[in-house]
Structures are given as structure tokens and as C-alpha cells.
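The values are calculated or read from the model by the stated rules, or taken from the named source; none is laboratory data. All values derive from a computational prediction rather than experimental measurement. Ideal geometry is used to build each Cβ from the backbone, glycine not excepted, and the neighbour counts take in all protein chains shown.
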Amino acid sequence: MKVAIVSEGPTDEATVRALAEAVLSEPIETVKPAIRRSPGIDKLLELLPLIYKSLYYGWQADGLIVVVDSNASAIHAATTADDCGQGDCRLCLARRALRNAAGAVDQTAGRKPLHWAVGLAVPAIEAWCLCAPDNNVSENTWIQGMEAGQKPYTRRELKRRLYGPQPWPEGHTVHAIQAAMETVTDNVALLLSKFPVGFGALRSDLSQWGA
Ligand SMILES: [Zn+2]
């Protein structure tokens, strides 16, 4: 299956790919969207409809996976509605962009809309990589800390835990991600229990792809 992955950096994309393969139980071939974007969540959200359309009309991919970091923004609230109602929920913002894009394509060419899936990494994708039974890295820890007015950890700390002290030699971060993913993808249930909202959303979307 050909899949485009849009996230916040190349190491993030390696993580998302490993997780998607674990959930889909099949290898995926990643394709690069033709549209290049500058960094930043606002730009990413703005360009999602264009990325979707270029993949669709270019027959480039079967699916599109988007994973965004929450940083300090609102964490998606579980609801039966399409939108959780928090204006800065990045999961809902990305979903809305893709839903609108999928609804707007002209299907007269006989092509079905692309599969798509959205995940929210709380607060950043390094947290997923660090998922283990014996540490405090979880959505719950993050949400409780933010409610108490203090981040339980920063992204910089998560990176240090994952990659070790800087400087990181060439290829080090990719190897660290690969090693972490071997453990995490063996235990998707643990990842789901620690990140039920943001990873749960991604898994739920991906599980519809075969339907
Ligand atoms: Zn939401």
C-alpha cells in the first residue's frame, strides 16, 4: 500500500510509518507529497487540503496519514460529535481539513477518496517512542501536569531521554527511533493504554482502512 505521511519531521515520519505498519499488519511504501511545506503547524494545517488533492488527482497514494504534536494546545476531548469544540484542538483541525478535502474532490474519474488517518502526539512524538511500562510518560501525566500549571516534562527532555546527550552523530536519531519502535510496535496495546486519545484516534482511523 502506498501511503503519504505528513508529520513534523523526518524522524517523526519513521515513527509513524512503523506504527502504521504495526496497526495495518502490512508493509507500506511511503510516497512524498509533491507539495513542499515550510515548518510550523499552521502552515501544515493550511496545506493539508492541497496535499490531499495532489495525492488524489496524481494517483500517487492510497492513503494519507497525518500526525501532529499537541505541544501546549488543547488535548482532544472524546465526544460523539465530529468536532470536540475546542478551537485549538489540532486533531479536530486536521480532521476537518481532510474531511473537507475528501468531500470536495471530483470523483467522476472513478476514483474513491483516499483513506486518511490523523493522530495527535501528546505533547510530541518522542513520547510515543518512550512508551514503556515503567515510566510516567503518558497523556494522563501530561494532562494532569498542564492542569496543575506545570509541564511534567518538556520536549527537550523527551528528546534527551530518547536520544541521549547531544551532540548526536549522523544517523543516531534514526537508529534510536528504530530501536525504540521495535519495542513499541510489539506492544501496541500498551501504547493505546498510555495514549488513548491521540494514538487511539490514529489507530481507530487506520482500522477503518480495510473496511
Ligand atoms: Zn478535538
Checking residue 91 against (1) in contact with a Leu (Cβ under 9 Å, 6 or more places away or on another chain); (2) at positive phi, which single condition isn't satisfied?
(2)
Tally time: how many residues in segment 57-67 are modelled with pLDDT under 95 and either within 15 Å of the ligand (Cβ to nearest atom) or among the aromatic types (Phe, Trp, Tyr) (or both)?
2
Of the residues 123, 113, only one is under 18 Å from residue 177 (Cα atoms) and assigned to a loop (DSSP other than H, G, I, E, B); which?
123
Please enumerate the residues belonging to segment 101-122 that are in contact (Cβ under 8 Å) with a residue 60 or more places away in the chain and closer than 12 Å to residue 57 by Cα.
114
Please go through (1) within 15 Å of the chain's Cα centre (by Cα); (2) within 9 Å of the ligand (Cβ to nearest atom); (3) surrounded by fewer than 18 Cβ atoms within 10 Å (Cβ to Cβ) for residue 41 and return the number of the only condition it doesn't satisfy.
(2)
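For the subset of segment 153-211 comprising residues that are of a type in the set (Gly, Ala, Ser) and assigned to a loop (DSSP other than H, G, I, E, B), which member is nearest to residue 63 (Cα to Cα)?
In this case the residue turns out to be 210.
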Restricting the first residue to segment 63-85 and requiring it to be within 18 Å of residue 102 (Cα to Cα), which pairs with a second residue that is near the ligand (Cβ under 9 Å from one of its atoms) and charged (D, E, K, R) meet a Cβ separation below 8 Å and a spacing of at least six or different chains?
82/95; 83/95
Looking at segment 129-147, which of its residues are under 14 Å from residue 199 (Cα atoms) and part of a loop (DSSP other than H, G, I, E, B)?
130, 131, 137, 138
Taking the conditions exactly as written (surrounded by 12 or more Cβ atoms within 10 Å (Cβ to Cβ) and either without any contact (Cβ under 8 Å) to a residue 40 or more places away in the chain or within 16 Å of the ligand (Cβ to nearest atom) (or both)), does residue 51 satisfy them or not?
no
Out of the residues in segment 76-110 that are at pLDDT below 95, within 18 Å of the chain's Cα centre (by Cα) and aliphatic (A, V, I, L, M), state the one that is farthest from the ligand (Cβ to nearest atom).
78
Got a sec? Which of 117, 72 is surrounded by 22 or more Cβ atoms within 10 Å (Cβ to Cβ), within 16 Å of the ligand (Cβ to nearest atom) and within 27 Å of residue 129 (Cα to Cα)?
117
